[in-house]
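Below you'll find the structure, written out as structure tokens, and then a few comments.
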Amino acid sequence: MTGDLSPIDKAKYVAARRAAEMVQDGMRVGLGTGSTAAWMVRRLGERVQEEGLRVKGVPTSTRTAQLARELGIEVVSLDQAGWLDLTIDGADEFDGELNLIKGGGGAHLQEKIVATASDQMVVIADAGKEVETLGAFPLPVEVIPFGWQTTRTLIEEALDTMDVLGTSGALRMNGEAPFVTDEGNHILDLHLQRIGNPRQLALVLNQVPGVVENGLFIDICDKVVIGHGDGRVELRDINEGTIELDQLVEGGENLFSDLAD
Ligand code: 5RP
């Protein structure tokens, strides 16, 4: 029930809803992964049903693909779409330059490919995801299963020379077994606490043999829609240097009333 939604979930919902309004008829849209992105996909599904909006969606995970199909959104592969007008996705952290940590849901490899193949990437997040300096959230790094422990050792050695506070990497688990990504790989979560130079770290990590992709998104995100639990949303555009404020709960209207089930 809607009354059960936490303030964070309400914040995610309003951010997702605001971003879904950016999608225009005929667009090819990258569909992110995670709980915030799922709200956006649901809203897009509503727009398809109610307005006859025509979009081609490129999902960033099997989870999102399944949800989009269930909602009647046309799903195509990135190769079929070629290039995208817009990608909307969540994030685990973002800083003032809209550098991101992503991959909390283990989908950052496809997410980075899809976002990079888009004219615009819009991140949707609750306000708690904003940080001064990235790194409190463990940085996900996708590695191939072969020799993953050697890869972890090499990563930890590389981290010794980086501007970070921690260097330990933990294999992400799914119960008793290692977590497996859509690409059949594993994830190392790096507990760094602080990432002083995200651009440098992103480059260094991807030089380590066995690393497929790290969860740092540098110069990829163009806009962030920040949601608050009371329905306020803030839209920041890093290229234009603009900030728009919006209020999605107005005049006593309960924006969350149609969120049941
Ligand atoms: C998945 C991601 C997600 O976008 C990120 O983890 C945020 O998730 P949520 O919206 O559930 O907080 O990067 O790989």
Check: Would you pick out the residues in region 154-196 that are of a type in the set (Val, Ile, Thr), at pLDDT 95 or above and surrounded by 15 or more Cβ atoms within 10 Å (Cβ to Cβ)?
Finding: Ile155, Val164, Thr181, Ile187, Ile195
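Applying the selection to region 164-174, what residues are assigned to a strand (DSSP E or B) and either under 25 Å from Leu98 (Cβ atoms) or among the basic types (Lys, Arg) (or both)? Explain how you work it out, then say what you get.
In the first step, residues of region 164-174 are kept if they are assigned to a strand (DSSP E or B); the result is 164, 168-171, 173-174.
Matches in region 164-174: Val164 only.
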Notebook entry, point to check: Could you count how many residues in region 39-66 are within 15 Å of the ligand (Cβ to nearest atom) and either closer than 19 Å to Tyr13 by Cβ or outside the structural domain of Ala16 (by TED's automatic domain parsing) (or both)?
Noted result: 7
Item checked: Whichever residue in region 67-109 is away from the ligand (no atom under 16 Å from the Cβ) and part of a strand (DSSP E or B) and, among such residues, is nearest to Phe217 (Cα to Cα) -> Leu84
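Where residues in region 128-163 are of a type in the set (Val, Ile, Thr) and outside any helix (DSSP H, G or I), which of them is nearest to Ile226 (Cα to Cα)?
Step one: filter region 128-163 for residues of a type in the set (Val, Ile, Thr), giving 131, 133, 141, 143-144, 150-151, 153, 155, 161.
Applying the additional criterion that residues be outside any helix (DSSP H, G or I) yields 131, 133, 141, 143-144, 161.
Working: Val131: 12, Thr133: 17, Val141: 25, Val143: 31, Ile144: 34, Thr161: 34 Å.
Here the residue is Val131.
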Item checked: Tally of residues being touching a strand residue (DSSP E or B) at 6+ places or on another chain (Cβ under 7 Å), in a helix (DSSP H, G or I) and farther than 21 Å from Thr181 by Cβ across region 192-218 -> 1
Notebook entry, point to check: Out of region 24-58, which residues are more than 17 Å from the chain's Cα centre (by Cα) and among the hydrophobic types (A, V, I, L, M, F, W, C)?
Noted result: Met27, Val48, Leu53, Val55
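The values are calculated or read from the model by the stated rules, or taken from the named source; none is laboratory data. Nothing here was measured: the structure is a model prediction, and the numbers come from that model. Cβ coordinates were reconstructed from backbone atoms using ideal geometry, including for glycine residues, and neighbour counts include every protein chain displayed.
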